[in-house]
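The values are calculated or read from the model by the stated rules, or taken from the named source; none is laboratory data. None of the values given here were measured: they were computed from a predicted structure. Cβ sites come from the backbone with ideal geometry, for glycine too, and all protein chains shown count toward neighbours.
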Amino acid sequence: MTSMINVRPRPYHIPAKEAKALADWFLRKYIEPYVKDEQPTFIDISFNKKIDTLGLCSDEQDNEYLVEVNPINGYNHMMKTLCHELIHVKQYRLGEMKAVTGGTKWKKKKYDLSTPYHDCPWEVEAFKLEGRIWGIWQRTIEGRCFLR
Ligand SMILES: [Zn+2]
């Protein structure tokens, strides 16, 4: 299984190396051991000032995901957002969450588009775990290599 992570280059400073290393670690620790097929996973990370949210995660096709992080906030906030979006990648890739017509299917239950943001179980999980994941990463040998 040769999964791939790509961080799109930007003319301004972004923590590209750490974003790639973090996503790679997350993929190996929280996604790949639980994937039920032999297909690789592709994560495209884009630091994007133009999105009108802090972050976005899109399920493209063929196990390819686009993670967008708004770099307007400081380093810590931005990296926590990256963790949040990677949790959504995990939810999509492990089949816990799926976009369906008119809403989102989460563990077999459909939530329509009117479901309040903070009532969506995938958001509850992502908000609950983003800080924990960010903290664990910072204490790993790899995570400690990045100066801040
Ligand atoms: Zn979210």
Exercise. Check Thr41, Thr140, Thr53 and return the single one that is in contact (Cβ under 8 Å) with a residue 12 or more places away in the chain, among the hydroxyl-bearing types (Ser, Thr, Tyr) and within 16 Å of the ligand (Cβ to nearest atom).
Key: Thr53
Quiz item: Which one of the conditions (1) out of contact with any strand residue (DSSP E or B) (no Cβ under 6 Å at 6 or more places or on another chain); (2) within 15 Å of the ligand (Cβ to nearest atom); (3) at pLDDT 95 or above does His118 fail to meet, given that it meets all the rest?
Solution: (3)
Quiz item: Out of the residues in the range 30-63 that are farther than 16 Å from Gly95 by Cα and acidic (Asp, Glu), which is surrounded by the fewest Cβ atoms within 10 Å (Cβ to Cβ)?
Solution: Asp52
Quiz item: Considering the range 100-110 alone, what residues qualify as being away from the ligand (no atom under 13 Å from the Cβ) and part of a strand (DSSP E or B)?
Solution: Val100, Gly103, Lys105, Lys109, Lys110
Practice problem: Report, by residue number, each residue of the range 74-99 that is in a loop (DSSP other than H, G, I, E, B) and within 15 Å of the ligand (Cβ to nearest atom). | Solution: Glu96
